[in-house]
Structures are given as C-alpha cells and as structure tokens.
Amino acid sequence: MKSNLNIIKLLELERYIPVMTRDELRLLEEGETGFGTKDIARWKKLLADRSKKMNDRFEAAYKRQEELCRQSKAKK
C-alpha cells in the first residue's frame, strides 16, 4: 500500500519537475516524496511565473504577426 501512495505522490510532484533544482530532482529520483509545503508553494509560484512569461511571449509574437499581416495587405 505504501508503494501505491508513493506512486501517487510522485505523480503529483511530476508537474513541478520543470522548476525543481538539481538537488530536488536528485532527491525525487532517489524516491524522496516528502517535500514540504514551502517547497510546493515555491514551485507553484515558479510555474505560474514561467507560464506568464510564456503567455506573454506568445501574445507578443501574435501581435507582431498581426502587424505583419496588416502591412502585407496594405501593400497589395
């Protein structure tokens, strides 16, 4: 039963892998799943920041694309 709980915890922690430090990743690889609420709160913030940056980049690229399309149509 403990094995199943460990697997569930690992699956829950999987979403934070992109923002974990090397040491945290090493611990996770070794089977450590007892990360504290401070760690999880920090990871959530890092993921939110990362998501916002990515969304901002896509929005800026989309605006540039729209502007290029307008310019292209105006030249015709």
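The values are calculated or read from the model by the stated rules, or taken from the named source; none is laboratory data. None of these values were measured; they are calculated from a predicted model. Reconstructed Cβ throughout: ideal geometry from the backbone, glycine too, with neighbour counts over all protein chains shown. Please note that ligands, DNA and RNA were not included when accessible areas were found on the heavy atoms of the full protein model with its side chains. Shrake-Rupley method; radii C 1.70, N 1.55, O 1.52, S 1.80 Å.
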Here the FRET efficiency for residue 44 versus residue 3, based on Cβ atoms and R0 = 30 Å and rounded to 0.05, is 0.65
Residue-by-residue Karplus 3J(HN,Hα) for the stretch 18-31, coefficients 6.51, -1.76, 1.60, Hz, glycine and proline x: x, 10, 6, 6, 4, 5, 5, 5, 4, 4, 4, 4, 7, x
With label points built 7 Å along Cα→Cβ from the Cα atoms of residue 32 and residue 58, find their separation and express it in nm. 3.3 nm
Gaussian network model of the chain, Cα within-10 Å springs - most flexible of 45, 63, 53: 63
For 42, 50, 57, 22, give me the order by solvent-accessible area with a 1.4 Å probe, most accessible first, ignoring ligands, DNA and RNA. 22, 57, 50, 42
Have a look at 68, 40, 17 and report the one farthest towards the positive end of the charge dipole of the chain, computed about the Cα centre with Cβ charges (Lys/Arg +1, Asp/Glu -1). 68
For the stretch 35-48, Karplus-derived ³J(HN,Hα) couplings (6.51, -1.76, 1.60; θ = phi - 60°; whole Hz; x for glycine and proline) come out as 5, x, 5, 5, 4, 5, 4, 5, 5, 4, 5, 4, 5, 5
Between residue 11 and residue 69, how many nm apart are label points set 7 Å from Cα along the C-beta direction? 4.0 nm
Karplus couplings for the stretch 50-67 from phi (6.51 cos²θ - 1.76 cosθ + 1.60, θ = phi - 60°), rounded to Hz, Gly and Pro as x? 4, 5, 4, 4, 5, 4, 4, 5, 5, 5, 5, 5, 5, 5, 4, 5, 4, 5
Residue 32 - accessible surface, heavy atoms, 1.4 Å probe, Å² rounded to 10: 80 Å²
Option label - Cα extents along the principal axes in Å computed here, alternatives [x] 35, 32, 23; [y] 69, 30, 27; [z] 68, 23, 18: [z]
